[in-house]
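No value in this document is a laboratory result; all are computed from the given coordinates. Everything numeric here is computed off the predicted structure, so don't read it as measured data. Cβ sites come from the backbone with ideal geometry, for glycine too, and all protein chains shown count toward neighbours.
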Amino acid sequence: MNKRLERKIRYGMVGGGPGSFIGNVHRMAAALDGEIELVAGAFSSDPEKSRQRGEEWFLDPNRVYGSYQEMAEKESSLPLSERLDFISIVTPNHTHYEIAKTFVNANFNVICDKPMVNTVAEAEELVNLVREKNQYFCVTHNYVGYPMVKEARHLVRRGKVGNVRKVVVEYQQGWLANLIEATGSKQAIWRTDPQQAGVSSCIGDIGSHAENLVEYITGLKIKSVFADLTTFVEGRLLEDDASVLLRFNNGAKGVLLASQICVGEENNLNIRVYGDLGSLEWHQEEPNKLWIKYSDRPSELIRRGNDYVGGYNTSYFTRLPAGHPEAFIEAFANLYRSFARTIRAWHESRVPELKDFDYPKVEDGCRGVIFIHKVIESGKTGKWVDL
C-alpha cells in the first residue's frame, strides 16, 4: 500500500509583487481548495518589494528572496521534507524562459503563466529540458479549466456534433482602445512593449488562449493560418487586432478573431463548433452554460452543476450546486488542483488519475508559441503559413 502524503503541497511564487493582477489570481486559485500552501517566493525584482509582499502574506522571512536565482539556489538545497513541490511563475512574458529553465534545471515542477516563452527556440528547448529532467510543467491556459469547456470536449469526443467542419472562436476586449501604455499603465506596458511581450501583443496575450481553447475542445490541430493583423492605435508598437483564417488537420476550416480595441467589450471569449450532426456554443462571460444545437430538433441548454451533465470529469471540476455561479478563479483553481494532485500522486508512488492529468502541458505551451509566431509571419507576408 502506498504511503499517504500527510501535508499540503508546497509552492513558491516568482513575481506577483505590488500591482500584479495575475499574481493575485494565481495565489487565490492555488489556495481555493485548501490543498496547496504558499511558503516561499521572489515576488519582485526589487528585494524590498519582495520582502514587503512576504510580510503581507505572513511568510517566513527566511524564505522570501530578493531574486529568483537566490530562491532556486537556497530552496534546492533543502531536504525533501522541506523542499518546495513546485514553482509558480507569474512574471512578464520575456522573463519566463530563464526563470523556468533555472527551476527545471534545479529539479522543480513548474506552473507558468502564458505565453510560456517568447520564442520558438526557447519553447522547444524548454520542452526538451522538462522531458530530460522528468518534471511536471503546467501552462495556465486557464479557460480549459471551466467545467462546461470540459463538457464540450467530452461531447465532441462522444460524437455529439459529428465530424467537425467549422470552428469560430473570438476573444474581444476593449481596454487597449487608447494608448494607455503611454500613461504608465503597468498592465498595458508589458503587453505592448516588444522588449517584454515579444513579437505580438494581441495574439500573444489573448489569441493564444483562443488557439488553445479550439484545440482542447475539438481535439484537432491547426494545420495552417492566414492572418490579417492591424495596429489601430497610433503610436503602438505591436498589433492590437487580428483576423485569422484557420485550416485544421481533418480538413475543417475556422476563423479566429482577437482584438484589444473593441470598445465596450470586456472579456468576450466565445467559441462555436459546427459538425455535420450538430453544434456547440460557449461564452466565457456566461461560463456555466453550454448550448447544443441541431437541425432536426430544438436546441439544448445545459448548465453546470446538474446531474444530467454527462462528462466523465465535468462534475469533478465543479465545486458548487447548480445555480451558484463558478467562474474565472475557479477555472484557474482547477488547473492548480489537478497539478497539485499529480504531484501528490508522485510523492505517493502511484499513477495520477487521468482527470488530474488534465491540464495544459509544456507541449501545449510550445504549440501556443509556435501559433503566435506563425500568425505574425502570415500577417507580415500576406500568405498562408503552415504550423
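Values as computed for the structure displayed
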{"quantity": "Residue among Leu129, Val104, Asn163 farthest towards the positive dipole end of region 92-197, charges placed on Cβ", "calculated": "Asn163"}
{"quantity": "Which of His26, His94, His141, His373 has the fewest Cβ neighbours within 10 Å, and the rest in rising order", "calculated": "His94, His373, His141, His26"}
{"quantity": "Sequence-separation-based contact order of region 34-100, relative, with Cα cut under 8 Å and 6+ spacing, percent", "calculated": "25"}
{"quantity": "Long pairs among Lys133/Lys355; Lys74/Lys101; Lys166/Lys221; Lys150/Lys361; Lys3/Lys133, criterion Cα-Cα beyond 18 Å", "calculated": "Lys133/Lys355; Lys3/Lys133"}
{"quantity": "Shape category assigned to region 1-114 from the gyration tensor of Cα positions, a/c cut at 1.5", "calculated": "rounded"}
{"quantity": "Length-normalised contact order for region 202-317 - Cα pairs under 8 Å, 6+ apart - percent", "calculated": "15"}
{"quantity": "Cleavage-rule hits, GluC sites (Glu not before Pro), region 218-267, DSSP coil, Cβ neighbours within 10 Å at most 12", "calculated": "Glu234, Glu266"}
{"quantity": "In region 141-194, the trypsin sites (Lys or Arg not before Pro) that fall in loop regions by DSSP, at most 13 other Cβ within 10 Å", "calculated": "Arg158"}
{"quantity": "Virtual spin-label span in nm between Ala121 and Lys289, 7 Å along Cα→Cβ", "calculated": "4.9"}
{"quantity": "Charge dipole of region 264-387 about the Cα centre (unit charges at C-beta), most positive-ward option of Gly264, Ile370, Ile343", "calculated": "Ile343"}
{"quantity": "Shape call, region 125-165: gyration tensor on alpha carbons, a/c limit 1.5", "calculated": "prolate"}
{"quantity": "Mean residue ellipticity (222 nm) of the chain, computed from DSSP H runs ≥ 4 via -39,500 (n - 2.57), nearest 500", "calculated": "-10000 deg cm²/dmol"}
{"quantity": "Among the listed pairs Lys114/Lys186; Lys186/Lys289; Lys253/Lys380, those beyond 26 Å (Cα-Cα)", "calculated": "Lys186/Lys289"}
{"quantity": "Estimated dipole of region 290-357 in Debye, rounded to 20 [Cβ of Lys and Arg +1, of Asp and Glu -1, Cα centre]", "calculated": "80"}
{"quantity": "Two-site FRET efficiency, Glu48 against Glu348, from Cβ-Cβ distance with R₀ of 45 Å, rounded to 0.05", "calculated": "0.65"}
{"quantity": "Within region 140-230: Cβ-based charge dipole about Cα centre, in debye rounded to nearest 20 (Lys, Arg +1; Asp, Glu -1)", "calculated": "660"}
{"quantity": "Region 102-202: relative contact order in percent, alpha carbon pairs under 8 Å with at least 6 residues between", "calculated": "22"}
{"quantity": "FRET E, pair Trp57, Gln187, Förster distance 22 Å, beta-carbon r, rounded to 0.05", "calculated": "0.55"}
{"quantity": "At most 10 other Cβ within 10 Å, DSSP loop - GluC sites (Glu not before Pro), region 4-40", "calculated": "Glu6"}
{"quantity": "Peptides 206-218, 46-58, 327-339 ordered by average Cβ neighbours within 10 Å, highest first", "calculated": "206-218, 327-339, 46-58"}
{"quantity": "DSSP-defined antiparallel bridges as percent of all bridges, the chain, nearest 5", "calculated": "60"}
{"quantity": "Selection from Gly235, Ile89, Ser279, by position along the positive dipole direction of the chain (Cβ)", "calculated": "Ser279"}
{"quantity": "Charged-residue dipole, Cβ positions (Lys, Arg, Asp, Glu), the chain about Cα centre, Debye nearest 20", "calculated": "1260"}
{"quantity": "Label-point gap, in nm, between Glu37 and Thr230 - each point 7 angstrom along Cα→Cβ", "calculated": "5.3"}
{"quantity": "Pairwise FRET efficiency - Gln69 versus Leu301, Cβ, R0 = 35 Å, nearest 0.05", "calculated": "0.10"}
